[in-house]
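Participant: For reference, the structure I am asking about is given below.
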Amino acid sequence: MVELDWKAKMVSSDIPKKSPKLSNKLQVSIPTPFRFSNMSSPLSTSPSASKAYDYYLRLPELRKLWETQEFPAWKNEVVLKPALHALEITFRFISIVLSDPRPYLNRREWTRRLQSLTTSQIELIAMLCEDENEAPILDLTSSNGVLTRESSSAEVWKIHGETTVVNRTSEASLLPRLVTWQKSEDVAQKILYSIECEMRRCPYTLGLGEPNLSGKPNLDYDAVCKPNELHALKSSPYDHIENHENSTLYTTNQILESWIQTAKQLLKRIASGIDAGSFEAAAGDCYILEKIWKLLEEIEDLHLLMDPNDFLHLKSQLQIKSVNETEAFCFRSKGLVEITKLSKELKHKVPFILGVEVDPNGGPRIQEAAMRLYSEQKEGNKVSLVQALQAIEAALKRFFFGYKQVLMIVMGSLEAKGHRVVACSDSGDSLSQIFLEPTYFPSLDAAKTFLGEFWSREQEKKWICRELTALSAKLKQRPWIISSVKATLWRQFGLDHPLEFENTTLMYLDYESHGTSQDYKGNHGKRLDVTFAITLRSIWIHRNKVCFEVATANPVVVIRVASEMINNTRMA
């Protein structure tokens, strides 16, 4: 929570240097990337600031708990354990808030926010536990309904006829204790029901005292999470500071760092899954990562409930300050910087997913492959994966945008701007550079742009065909106007002989108007000239509007003008 010498730099996207050659029939305007006049260094952290931040949160001890593998055969341990730690720290957070003696504390809103945060974490933990078969579990039916001395908090009941179940409850977790405390009983009961509901799709449940109506095995929560060792780190090195917001800030950031650790391990699993061709599993992990970014935003929003006077006093006591105008406080966290980099680097997996190589000449090879993938709709797992990658980008940028707003509200806009009194036209601070930089997946973005334009043109063609058919019907119903319109238009343009042209649209119009009768075949040239005259008049009117009234060229307008001329013309 101290100074940080940090400057952010835009990481160049994979936009090719040469633009792809476009067909004359399709012109799409691609917006140019946002450019910063002052490009700073890549994502990095100040060693001194990061060291002080780690010391304040006791991250070295936490990392030791996260990285210690008690169950070598359980691959998901490194991903799930930090998430369980975050959940257990949240239980402690609830007790801290409900024990806070300050009369001006908004306990009702704090309780609501912490309930919502806990539910979000349980939902993510359940997603991580789905299809999990290697976790250390406790078989509830092996004891034949006999309670052991070391399981004093267990209960015996029967399900499905004569099956006897011993439903064990964690003895070290704080949640069972919150159930017995009058102030937190309603909050804890709601959490237990949330666990029961969210873990329905998992092969086991957490074993924290939830009803477990289906009688599923319990996770060996105490052996995996080790709540006693975790709660031994509840005191910060600055506990001598007399400020109630100190424990709030300390606990909030410990929860944040625990989920950052989960995200880092999940990113490694995503990369290895893509390399192995497990696109469906990787897509599922990507959507979990997206939800983790949203959860990090929810955790940061807890700062909005802190008392302004107490927090700003704590800020001065801990000497939290900006070093330069491009610094962002969140980048004291090395873990946050790392998962930001790893999330951006997922863009390099796109060519492998699409089965193509990057064109060294900057051609649209990736874009064309993406368009084929979207339009053919044959490989749903790949479509889900690339969609999930872009969802991660959106969640990442939303987090940093939201963090900047929280920073301005909690510390003031001047502090958030790095004490710049005059705002610059270009946002040079590190947070703005992150959420304003170009898309990480320009090829996917361009493919969707061109695909959308293609379907727009197809819809336009269908409309023109319908209009041509309607116009043909009107010509057939009003044959008396043909000669007068022909004479009027030919006098205006000085035409005194039949015109020959090759226009498939007009041929279609004339054909639909007259059919294949012998009369039509004999007078084909004459009627084709009249059809041309009508359409020529429409083109001339539209051409004048484009040249002299700065209108936009649009073939649909030509059809509309021709239709209006047919409707308004009367026989002389």
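The values are calculated or read from the model by the stated rules, or taken from the named source; none is laboratory data. Not measured: the values here are computed from a predicted model. Note: ideal-geometry Cβ built from the backbone for every residue, glycine included; neighbour counts use all protein chains shown. These area figures cover heavy atoms from the full protein model, side chains too; ligands, DNA and RNA do not enter into them. Shrake-Rupley method; radii C 1.70, N 1.55, O 1.52, S 1.80 Å.
Participant: Does at least one position in segment 258-275 carry a residue that is surrounded by fewer than 21 Cβ atoms within 10 Å (Cβ to Cβ) and more than 24 Å from the chain's Cα centre (by Cα)?
Facilitator: Checked against the condition, which is being surrounded by fewer than 21 Cβ atoms within 10 Å (Cβ to Cβ) and more than 24 Å from the chain's Cα centre (by Cα), segment 258-275 yields no hits at all.
Participant: Only one residue in 274, 255, 270, 292 is of a type in the set (Val, Ile, Thr), touching a His at 6+ places or on another chain (Cβ under 9 Å), at negative phi and at pLDDT 95 or above, so which one is that?
Facilitator: Working: 274 fails: touching a His at 6+ places or on another chain (Cβ under 9 Å); 270 fails: touching a His at 6+ places or on another chain (Cβ under 9 Å); 292 fails: touching a His at 6+ places or on another chain (Cβ under 9 Å).
One residue alone meets the criteria, 255.
Participant: While we're here: Which count do you get for residues in segment 44-75 that are more than 25 Å from residue 248 (Cβ to Cβ), open to solvent by 10 Å² or more (accessible area, probe 1.4 Å) and assigned to a loop (DSSP other than H, G, I, E, B)?
Facilitator: Of the residues in segment 44-75, 8 are more than 25 Å from residue 248 (Cβ to Cβ), open to solvent by 10 Å² or more (accessible area, probe 1.4 Å) and assigned to a loop (DSSP other than H, G, I, E, B).
Participant: Residue 101 - would you say it is out of contact with any Cys (no Cβ under 7 Å at 6 or more places or on another chain) and closer than 24 Å to residue 243 by Cβ?
Facilitator: yes
Participant: Of everything in segment 374-407 that's at pLDDT 90 or above and in a loop (DSSP other than H, G, I, E, B), which residue is most open to solvent (accessible area, probe 1.4 Å)?
Facilitator: 378
Participant: Out of curiosity, is residue 232 surrounded by fewer than 16 Cβ atoms within 10 Å (Cβ to Cβ), touching a residue at least 24 places away in the same chain (Cβ under 8 Å) and of a type in the set (Gly, Ala, Ser)?
Facilitator: Judged against the criteria, residue 232 is not a match.
Participant: On to the next question. Identify, from the list 267, 230, the residue that is under 30 Å from residue 410 (Cα atoms), out of contact with any strand residue (DSSP E or B) (no Cβ under 8 Å at 6 or more places or on another chain) and not in a loop (DSSP other than H, G, I, E, B).
Facilitator: After applying the criteria, what remains is 230.
Participant: Does residue 153 satisfy the condition of being touching an Asp or Glu at 6+ places or on another chain (Cβ under 9 Å) and modelled with pLDDT under 60?
Facilitator: yes
Participant: Shifting gears a bit: Among the residues of segment 94-108, are any open to solvent by 60 Å² or more (accessible area, probe 1.4 Å) and among the hydroxyl-bearing types (Ser, Thr, Tyr)?
Facilitator: Yes.
Participant: Which of (1) at pLDDT 95 or above; (2) crowded, with 18+ Cβ neighbours inside 10 Å; (3) not charged (D, E, K, R) is the odd one out, the single condition residue 371 does not satisfy?
Facilitator: (1)
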